[in-house]
4 protein chains.
Amino acid sequence: MEKIKFGCDYLEGAHPRILQRLIETNYEQHEGYSEDAHCDAARQYILQRCKKEDAQVHFLVGGTQTNMTVIAAVLRPHQGVISAHTGHVNVHETGAIEAQGHKVLALPSPDGKLTGDQVRECVWGHRKDENFEHMVQPGMVYVSNPTENGTMYTKAELQDLRAACDECGIPLYLDGARMGYALCAPDNDLWMEDYARLCDLFYIGGTKCGMLMGEALVICNPALQKDFRYILKQKGGMLAKGRLLGVQFEEMFKDGLYEEACGHGIQMALKLKQGFADKGYDFLFDSGSNQQFPILTEEKRAELAEKYDFAFWERVDENRVGVRFCTSWATKESAVDALLADL
Amino acid sequence: MEKIKFGCDYLEGAHPRILQRLIETNYEQHEGYSEDAHCDAARQYILQRCKKEDAQVHFLVGGTQTNMTVIAAVLRPHQGVISAHTGHVNVHETGAIEAQGHKVLALPSPDGKLTGDQVRECVWGHRKDENFEHMVQPGMVYVSNPTENGTMYTKAELQDLRAACDECGIPLYLDGARMGYALCAPDNDLWMEDYARLCDLFYIGGTKCGMLMGEALVICNPALQKDFRYILKQKGGMLAKGRLLGVQFEEMFKDGLYEEACGHGIQMALKLKQGFADKGYDFLFDSGSNQQFPILTEEKRAELAEKYDFAFWERVDENRVGVRFCTSWATKESAVDALLADL
Amino acid sequence: MEKIKFGCDYLEGAHPRILQRLIETNYEQHEGYSEDAHCDAARQYILQRCKKEDAQVHFLVGGTQTNMTVIAAVLRPHQGVISAHTGHVNVHETGAIEAQGHKVLALPSPDGKLTGDQVRECVWGHRKDENFEHMVQPGMVYVSNPTENGTMYTKAELQDLRAACDECGIPLYLDGARMGYALCAPDNDLWMEDYARLCDLFYIGGTKCGMLMGEALVICNPALQKDFRYILKQKGGMLAKGRLLGVQFEEMFKDGLYEEACGHGIQMALKLKQGFADKGYDFLFDSGSNQQFPILTEEKRAELAEKYDFAFWERVDENRVGVRFCTSWATKESAVDALLADL
Amino acid sequence: MEKIKFGCDYLEGAHPRILQRLIETNYEQHEGYSEDAHCDAARQYILQRCKKEDAQVHFLVGGTQTNMTVIAAVLRPHQGVISAHTGHVNVHETGAIEAQGHKVLALPSPDGKLTGDQVRECVWGHRKDENFEHMVQPGMVYVSNPTENGTMYTKAELQDLRAACDECGIPLYLDGARMGYALCAPDNDLWMEDYARLCDLFYIGGTKCGMLMGEALVICNPALQKDFRYILKQKGGMLAKGRLLGVQFEEMFKDGLYEEACGHGIQMALKLKQGFADKGYDFLFDSGSNQQFPILTEEKRAELAEKYDFAFWERVDENRVGVRFCTSWATKESAVDALLADL
């Protein structure tokens, strides 16, 4: 019997409305490279959400591609990007950032978040070091929301990062691979217009939030917009049939499908979290997002692993491990119920 | 009124059978990163065609991405890739190859093809130059079939390139972005097993041949297979929902859909070609592929441009220009008929 | 018997005054990385020559290093550098520019020089191409004076290049590896203040002009000066004992040693040129610089090669080849006399 | 009055015998690019020391340049280099390694040394991680001896690193910028033939050990030798007047000048160390090398700083800092005596 999978949030295809729109638009003839009417419409919907008319919206296929393209576009050769040690760009992109020539300046973080003071200390520490020219210059800040650990920034925290970046004169870039889930989390107080106001660049994740694939990069800071499409093309991220990304994001943002899809994922995650808590399980991180990190005994882990697929995260002690369960727009409630029953 | 478009071969979405399969498989839960059953099935179909069991098949999203990833994986830092001056890697990838650190060693070619002797001369010329260490070392050969000019290699020509590469000890890489059309062209004598036998690496184009997106890279030479997936990830080419590529290529190759789709494109191209020829038009190149390059007077070009979309290619003389008409799996015969009637 | 060498202009060590100063300053204790008093003094001498107080002067060890560091510092990722096809960056640096991620946009040139109109055509042609984002954007211009062919720019020609760069909004960089010889050539009308006024960046060659090693880069355009020392360090070009470069350039420019040394090289070159001309030899290029390119029969070439070392340049016809004789600050007049006697 | 400088070990020019030889050989005519008789002689002396006839010796100008060139030559794109967190490649090369496209995999180290077990854990941990393809693959090990902290490997420790590298199948590279001082340290049990036997590549530092500039890279592993000179040229490290490096290393190794020069530096360092210890000072690290790291009160530091130049290293507590005093081949005993008197 096939296991029920909670291993990640890209296990299924796409929300059925997405597929339906691809079929409906299939024989339309469109210019390539995201210069079509659907991309334009999607851009408009996104800009309306952002309440930032001078922003640019670009569509890319995947997250690593987006991160490496953005960072390559923003930094000069001697600069690096500040990231939490657990940041995706630091640990899970096979050195894509370094392959662009840039060091990831990794800072410690117990929960996956960076603070404004960490940024200040890193940048000002660099500038007053007498050997500063012999060291990589901090050139931008990378954060993700939700983080790799499921934690989420509050508006106050993101404002503090913005303030720190302003003080230091470096841009703030936010990876929103799972932004849809953050938008639907009960405690969330960061909306798309906040991201657009507080970040120099950020991307709205599609792949993990109900689309076949696709990420929408918003370049809020006009000073960083020039010639971005050249770099997009050079890094292999300019999709020939760009309309595919346009159609999907258009559908996602024309009437709230993005939140509808992700909202379901969050409901499933919170039900799962509550179920574990009710049974007395502890968690690695206090996540309000679609990734939950309960701590299991080795015995329980082995038992659950016979019927469910989920990820090892880190060892807690000799007998216990932290694991990760992901939900998504596609998670069946029956799957969560079955899991909780097996606890 | 909207123009009828012959501007490129990625104007529409995908063959309806492709979309149908995406819907049927939508709720299946699959591992990410092309480690799913559909990718495996697609690999098997492709390997059977290739009659090469020790080949590796990898799925990528687009052509520039595939070219840059392959070249980065194959070359050492001091090596460059030999290409026709008109090669896609030389002129239409915004320097993606150079961004990987490698020079494109561009050789002249009137028709877009390279010859074995050009390769021999380039490599042996380099080796006997007394300043060889001060120059980029030719490290591999890039060709495309059909070429950017719609011309196609014969088996004898590709065998000669293979022989040249063997003599020089460098690998041969073939870009098959439009391979499907070559396979269906009347004069073709190169089949997939020939590509697999004669090339060290080649890719089978999906984007321009009826799929939403996707290219299937075949690494025939085992010496070049090691750790390729790391590099695929690093360059942003490892699709999270790899199953999308698997499902599409599986459908394309399980019963001949690839040739069915591209065969239509070739029929339309040849009808268009014949129509131009019947009216006495000359052509820039003698193309048997899905790209046709008739020469028009400026007057005719302007007249046709009111109803049809097609690409400027190059100026022939003061009054005449060469243009490009592309057909594809999706071209309507009525569109071709209308065009020919307007000649 | 050892051959007399005319193979290049870096056959000997350094002008004896240079060595003398190294000895005199040997036990002085100086900060590293060119932050010492000798570097400062050398910078002042150079800036005085340039009549440009807001220029920056940096010291590097060699020419390839200087070229790759400058180009890496100036260009954004999607940009390339315009160069004559024969330019050093295009053919004799083992792809150092591409290794920085940038394409060399090579333009044809019979004599090694670029014209303003070539630059205009390249840049404006790019900008109006409908696929411009799919092609490398011309981002700067590289020229050398004297060129690889010994030819030299006139002031009018360099002014035209400057005007073209201004019209296009891209910087002009001049490689002066052999600038000392240009300064001493009879027909020269370009002085250091002209370079400083007409170029955004240029370097004054030391290695080929009487120093042990070293090139002095002048960044005239303040917009290109920011953080250059970081990049210098990153590319391996920041010499620990920077004082060595400072002492040498200080000696070269404090009282005209640079011109004294190179002036001798030019006298020897012109004597050699006249000698060949008197015997009826033709030349590949009309060089007024320290490189001379007579055309020899194969027979004569073989005969001379028994006693003299010189470089093959290019085949002229079945029986004749163009060769290169280099003179320098160290060429003995007796060597030139012996050669001419053997003609 | 000028301060007495202990700030680094490249404060002065070169050992007088080095300068003398440059003068004696100045007018010899030599091929460029280290293909001359002096480089050949120097190579022979070094190979004799190494007792390894199939090794290759290359001459470079500086340490950062050597490190980045070696690492670029050895690694494939998806690989990184393991280093102590304090390693020069990780902290003091302005991202030169990342600029080559490679991540530095930094491991913690209290004393600047790596252990075999750290290497084993890093490599085997990577290989058994289920997401290994999403992470940088450890591809080589970088160590320096003496380390940045003045500590030195014992033969047993280096043998263990060698064993670990053999088990993991990755090369070991040793940065010997200050190797001369290690060779002269009282407790040293590692000789050049040990380095040659235990490392795949290592370099013998010249810049900090009595030469004007220059590092001699020994590539012991024949599998890593192919085409190295191409890469040397591409990275800007091939000195035109390579004879300068040849003459210096020839002089250093023909009769023991290297050890004579560095032996003096060690004597001065140990005298300084003993002097501090006698006065009851503690040290940050137990260094037997030419770098000494006493711990001073802020008051003492300020007092000494009026007459002496030395480097801040790290804060120990609110009132005390660790500092660095460097000696070298050129340190005057009177300077050490003066310093000790002022304690």
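The values are calculated or read from the model by the stated rules, or taken from the named source; none is laboratory data. Since the structure is predicted, the reported quantities are computational estimates derived from the model, not experimental observations. Methodologically, a virtual Cβ is constructed for each residue, glycine included, from the backbone with ideal geometry; neighbour enumeration extends over all protein chains shown. SASA here: full protein model, heavy atoms, side chains in, ligands and nucleic acids out. Shrake-Rupley method; radii C 1.70, N 1.55, O 1.52, S 1.80 Å.
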Checked pairs for region C:176-205, first at pLDDT below 95, second not charged (D, E, K, R), C-beta under 9 Å and 6 or more apart or across chains, list as C:P186/C:I266; C:P186/C:L270; C:P186/C:G288; C:D187/C:M152; C:D187/C:T154; C:D187/C:G288
For region B:32-61, the count of residues that are touching a residue at least 24 places away in the same chain (Cβ under 8 Å), at negative phi and in a loop (DSSP other than H, G, I, E, B) equals 7
C:R120 vs (1) within 11 Å of chain B (Cβ to nearest Cβ); (2) in contact (Cβ under 8 Å) with a residue 24 or more places away in the chain; (3) in a helix (DSSP H, G or I): all pass except (1)
Q) Within region B:50-60, is even one residue more than 30 Å from D:T69 (Cβ to Cβ), within 14 Å of chain A (Cβ to nearest Cβ) and open to solvent by less than 10 Å² (accessible area, probe 1.4 Å)? A) yes
When restricted to C:V336, C:V323, the only residue among the aliphatic types (A, V, I, L, M), more than 30 Å from C:Q20 (Cβ to Cβ), surrounded by 20 or more Cβ atoms within 10 Å (Cβ to Cβ) and at pLDDT 95 or above is C:V323
Filter region A:131-176 for residues that are touching an Asp or Glu at 6+ places or on another chain (Cβ under 7 Å) and among the aromatic types (F, W, Y); the one that is nearest to C:E31 (Cα to Cα) is A:Y142
Note on region B:16-40: residues facing another protein chain (nearest Cβ under 9 Å) and surrounded by 15 or more Cβ atoms within 10 Å (Cβ to Cβ) are B:L19, B:L22, B:I23, B:T25, B:N26, B:E28, B:Q29, B:H30, B:E31, B:G32, B:Y33
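For B:I231, indicate whether it is more than 14 Å from chain A (Cβ to nearest Cβ) and of a type in the set (V, I, T). Let's see the steps before the verdict.
Numbers: more than 14 Å from chain A (Cβ to nearest Cβ): no; of a type in the set (V, I, T): yes.
Taking the combined requirement at face value, the residue does not satisfy it.
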Those residues of region A:88-111 which are at the interface with another protein chain (Cβ under 7 Å from one of its Cβ atoms) and hydroxyl-bearing (S, T, Y) amount to A:T94
**Message:** Against the condition among the aliphatic types (A, V, I, L, M) and touching a residue at least 40 places away in the same chain (Cβ under 8 Å), how does B:I23 come out, does it pass?
**Reply:** no
Filter region A:192-231 for residues that are farther than 14 Å from A:N145 by Cα and among the basic types (K, R); the one that is surrounded by the most Cβ atoms within 10 Å (Cβ to Cβ) is A:R229
Quiz item: Does region D:74-87 include one or more residues that are touching a helix residue (DSSP H, G or I) at 6+ places or on another chain (Cβ under 6 Å), within 14 Å of chain C (Cβ to nearest Cβ), under 26 Å from A:E133 (Cα atoms) and not in a loop (DSSP other than H, G, I, E, B)?
Solution: no
Every listed condition ((1) away from chain C (no Cβ under 14 Å); (2) surrounded by fewer than 13 Cβ atoms within 10 Å (Cβ to Cβ)) holds for B:E314 save (1)
Of the candidates A:T86, A:T64, A:T69, the one satisfying the condition of being under 17 Å from the mean Cα position of the chain (by Cα), in contact (Cβ under 8 Å) with a residue 40 or more places away in the chain and under 30 Å from C:T69 (Cβ atoms) is A:T69
Restricting region D:89-103 to residues that are over 15 Å from the mean Cα position of the chain (by Cα) and not β-branched (V, I, T), the one surrounded by the fewest Cβ atoms within 10 Å (Cβ to Cβ) turns out to be D:Q100
Checked against (1) open to solvent by less than 30 Å² (accessible area, probe 1.4 Å); (2) within 21 Å of the chain's Cα centre (by Cα), D:V136 satisfies every condition except (2)
Of the conditions (1) outside any loop (DSSP other than H, G, I, E, B); (2) farther than 18 Å from D:K3 by Cα; (3) open to solvent by less than 40 Å² (accessible area, probe 1.4 Å); (4) out of contact with any Asp or Glu (no Cβ under 6 Å at 6 or more places or on another chain), the single one that D:A240 does not satisfy is (1)
Checking the structure you have, find out if any residue of region D:266-285 is within 28 Å of D:H38 (Cα to Cα) and either open to solvent by less than 50 Å² (accessible area, probe 1.4 Å) or not in a helix (DSSP H, G or I) (or both).
no
TODO: With the condition kept exactly as written, say whether any residue in region D:283-305 is of a type in the set (D, E, K, R), more than 14 Å from every other protein chain (Cβ to nearest Cβ) and within 20 Å of D:N145 (Cβ to Cβ).
DONE: yes
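Look through C:P110, C:P146 and report the one residue that is out of contact with any Leu (no Cβ under 6 Å at 6 or more places or on another chain) and open to solvent by 30 Å² or more (accessible area, probe 1.4 Å).
Values: C:P146 fails: open to solvent by 30 Å² or more (accessible area, probe 1.4 Å).
Result: C:P110 is the single residue among C:P110, C:P146 that is out of contact with any Leu (no Cβ under 6 Å at 6 or more places or on another chain) and open to solvent by 30 Å² or more (accessible area, probe 1.4 Å).
Evaluate the following for C:I295: is it touching a helix residue (DSSP H, G or I) at 6+ places or on another chain (Cβ under 6 Å) and either open to solvent by 10 Å² or more (accessible area, probe 1.4 Å) or assigned to a helix (DSSP H, G or I) (or both)? Outline the logic, then answer.
Numbers: touching a helix residue (DSSP H, G or I) at 6+ places or on another chain (Cβ under 6 Å): no; either open to solvent by 10 Å² or more (accessible area, probe 1.4 Å) or assigned to a helix (DSSP H, G or I) (or both): yes.
No: the conditions fail for C:I295.
What residue, among those in region B:1-15 that are open to solvent by 20 Å² or more (accessible area, probe 1.4 Å) and part of a loop (DSSP other than H, G, I, E, B), is modelled with the lowest pLDDT? Before you say what the answer is, go through the steps one by one.
Narrowing region B:1-15 to residues open to solvent by 20 Å² or more (accessible area, probe 1.4 Å): B:1-5, B:10, B:15.
Imposing the further condition that a residue be part of a loop (DSSP other than H, G, I, E, B) reduces the set to B:1-3, B:10, B:15.
Values: B:M1: 69, B:E2: 87, B:K3: 94, B:Y10: 95, B:H15: 98.
The qualifying residue modelled with the lowest pLDDT is B:M1.
Taking the options C:L114, C:L174, C:L158, C:L183, name whichever one is closer than 16 Å to C:D200 by Cβ, in a helix (DSSP H, G or I) and under 18 Å from the mean Cα position of the chain (by Cα).
Numbers: C:L114 fails: in a helix (DSSP H, G or I); C:L174 fails: in a helix (DSSP H, G or I); C:L183 fails: closer than 16 Å to C:D200 by Cβ.
One residue alone meets the criteria, C:L158.
Each row is one residue, and each column tells you yes or no for (1) within 30 Å of B:M211 (Cβ to Cβ); (2) in contact with a helix residue (DSSP H, G or I) (Cβ under 8 Å, 6 or more places away or on another chain).
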| position | (1), (2) |
| --- | --- |
| A:N221 | no, no |
| A:L232 | yes, yes |
| A:G242 | yes, yes |
| A:K254 | yes, yes |
| A:I266 | no, yes |
